[in-house]
Amino acid sequence: MLRKVYATLIIVLLSGTWAIAQNGKIKGKVLDKETGEGVPFATIKVYKDGLMKSGTESDMEGGYLISSLVAASYDLEVEGFGYVTQRLEGVIVNDGKIQFADFKLKSGDGQTG
């Protein structure tokens, strides 16, 4: 009897952990619009309801991954040194899914474009 209680308790705890681990992700590339090359060290910021929720930097090839996002609609802002800042609104993230969002930045003085 006690074994059944422990087994049930373990199953309930593990299923709760699985539910927590079901957050979504945003993945993509930051590219130079003219050359198509990756933009390294670009800053990607994630906003929800006007508040910054997460962020990261692109790697040497311009790739990025933002994990642990609850299901919702997000706005992304990308800044790269020597590039015009770009904003993408309404990126939908679903639990357990990867949403892709690529950016092609124009050369410029960093103003929002």
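In percent, what relative contact order does region 19-113 have, based on Cα pairs under 8 Å that are 6 or more apart in sequence? Let's see the in-between values first.
Values: 257 pairs, mean separation 33.6, N = 95.
Worked out over region 19-113, it gives 35 percent.
How many nm separate the modelled label positions at Lys27 and Phe41, each set 7 Å beyond the Cα in the direction of the Cβ?
2.6 nm
With viscosity set to 0.692 mPa s and temperature to 37 °C, compute the Stokes-Einstein D of region 24-105, Rh being the Kirkwood radius across alpha carbon pairs; µm²/s, no decimals. Don't jump to the answer; show the numbers that get you there.
Working: Rh = 12.5 Å.
Estimated via Stokes-Einstein, D reaches 263 µm²/s.
Can you tally the net charge around Val84? Count Lys and Arg as +1, Asp and Glu as -1, for every other residue whose Cβ sits under 11 Å from the Cβ of Val84. Present the calculation step by step, with values, prior to reporting the outcome.
Values: positive: Lys33, Arg87, Lys104, Lys106; negative: Glu79, Asp109.
Around Val84, the charge tally is +2.
Lys and Arg at +1, Asp and Glu at -1: add these up for the other residues within a Cβ distance under 11 Å of Glu61 and post the number.
Working: positive: Lys29; negative: Glu37, Asp59.
It works out to a net charge of -1.
Considering only the other residues whose Cβ falls under 13 Å of the Cβ of Gly24, what net charge follows from Lys and Arg at +1 and Asp and Glu at -1?
Values: positive: Lys25, Lys27, Lys48, Lys53, Lys97; negative: Asp95.
Net charge around Gly24: +4.
Loop-only check: which GluC sites (Glu not before Pro) in region 21-66 are DSSP coil with at most 16 other Cβ within 10 angstrom?
On the way: sites: Glu34, Glu37, Glu57, Glu61; in loops: Glu34, Glu37, Glu61.
Here the sparse-neighbourhood loop sites are Glu34, Glu37, Glu61.
We did not get these values from a lab; they are worked out from the coordinates using the rules stated. Remember, predicted model here, so these are calculated numbers, not experimental data. Every residue, glycine as well, gets a Cβ built from its backbone with ideal geometry; the counts of neighbours run over all protein chains shown.
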